[in-house]
Amino acid sequence: MSVIIAPSVLSCDFANVQRDVEMINISDADWFHVDVMDGVFVPNISFGFPVIKAIKKHAKKPLDVHIMIENPDDYVTQFKEAGTDILTVHYEACRHLHRTIQNIKANGMQAGVALNPHTPVSVLVDVIKDLDLVLIMSVNPGFGGQKFITNAIEKVKQAAELIKRTGSNAKIEVDGGVNLETGKLLIEAGANALVAGSFVFGSDNPTETISKLKQL
């Protein structure tokens, strides 16, 4: 199975969001990756439900929504109503992680958990079989265009081993500093999905760049 490519709309042209959504629709991309930041959990603010709904209106592929917010349980239902297909919360933001995962699934979405660069994969051992997605952060969350943290490759290997050992069906996604070089290393380590923002939208031909990532 080829790798899943999820362009991050955080890096799109916000004055031409519909245009960029249509570009992703006709490209080889598989998902839309949507980063939601609250300015509290991370030192940046992105966008909320109205923008997600606007993207969903035109998107022909699943919305992979990554929420970098405090108190995610308070908003699970609203993310579903906005059109989210896959909802990923941060381990570091969830006091009762198992309850949060069950809440996401009860709302009809796939459930993912993201790990910051300093958080070990081992914290997921008791919930890995409940997850649809493990998101390894290969940069510190909050801003696009950061330098890739190479230890993420080892964490992907650890996540792949945990998934195999437990019989989980979770996919491994990586977000941050993904390009053709790092993407190849991550796939070799066991990644199933790659998020790419500035590498795609900062290129001269985003559609072609997506195709090259898809061919890794």
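The values are calculated or read from the model by the stated rules, or taken from the named source; none is laboratory data. Everything numeric in this text was worked out from a predicted model, so none of it was measured. FYI the Cβ positions are ideal-geometry reconstructions off the backbone, even for glycines, and counts take in every protein chain you see.
For segment 56-65, state whether one or more residues are within 13 Å of the chain's Cα centre (by Cα), modelled with pLDDT under 95 and either more than 14 Å from V200 (Cβ to Cβ) or surrounded by 19 or more Cβ atoms within 10 Å (Cβ to Cβ) (or both). Taking every residue of segment 56-65 in turn, none turns out to be within 13 Å of the chain's Cα centre (by Cα), modelled with pLDDT under 95 and either more than 14 Å from V200 (Cβ to Cβ) or surrounded by 19 or more Cβ atoms within 10 Å (Cβ to Cβ) (or both).
Listed by first and then second residue, the pairs with beta-carbon distance under 7 Å, at least 6 apart or on different chains, first residue in segment 9-35 and assigned to a loop (DSSP other than H, G, I, E, B), second acidic (D, E), are C12/D20; D13/D20; W31/D64.
Okay, residues lined up against (1) over 30 Å from K147 (Cβ atoms); (2) touching a Lys or Arg at 6+ places or on another chain (Cβ under 6 Å); (3) among the basic types (K, R):
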{"position": "K56", "(1), (2), (3)": "yes, no, yes"}
{"position": "D64", "(1), (2), (3)": "no, no, no"}
{"position": "D74", "(1), (2), (3)": "yes, no, no"}
{"position": "K80", "(1), (2), (3)": "yes, no, yes"}
{"position": "N103", "(1), (2), (3)": "yes, no, no"}
{"position": "A111", "(1), (2), (3)": "no, yes, no"}
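The residues in segment 186-200 that are more than 12 Å from the chain's Cα centre (by Cα), at pLDDT 95 or above and either β-branched (V, I, T) or assigned to a helix (DSSP H, G or I) (or both) can be counted, and the count is 6. Looking only at residues of segment 140-163 that are out of contact with any helix residue (DSSP H, G or I) (no Cβ under 7 Å at 6 or more places or on another chain), free of Cβ contacts under 8 Å to residues at least 40 places away in the same chain and assigned to a loop (DSSP other than H, G, I, E, B), we find that the one that is nearest to M68 (Cα to Cα) is N140. Against the condition farther than 13 Å from V195 by Cα, buried (at least 17 other Cβ atoms within 10 Å of the Cβ) and either modelled with pLDDT under 95 or of a type in the set (S, T, N, Q) (or both), how does T150 come out, does it pass? Considered against the rule, which asks whether it is farther than 13 Å from V195 by Cα, buried (at least 17 other Cβ atoms within 10 Å of the Cβ) and either modelled with pLDDT under 95 or of a type in the set (S, T, N, Q) (or both), T150 comes out as no.
Do we have any residue at all in segment 30-39 that's surrounded by 15 or more Cβ atoms within 10 Å (Cβ to Cβ), farther than 17 Å from N103 by Cα, of a type outside the set (D, E) and more than 11 Å from the chain's Cα centre (by Cα)? Yes, because at least one residue in segment 30-39 is surrounded by 15 or more Cβ atoms within 10 Å (Cβ to Cβ), farther than 17 Å from N103 by Cα, of a type outside the set (D, E) and more than 11 Å from the chain's Cα centre (by Cα).
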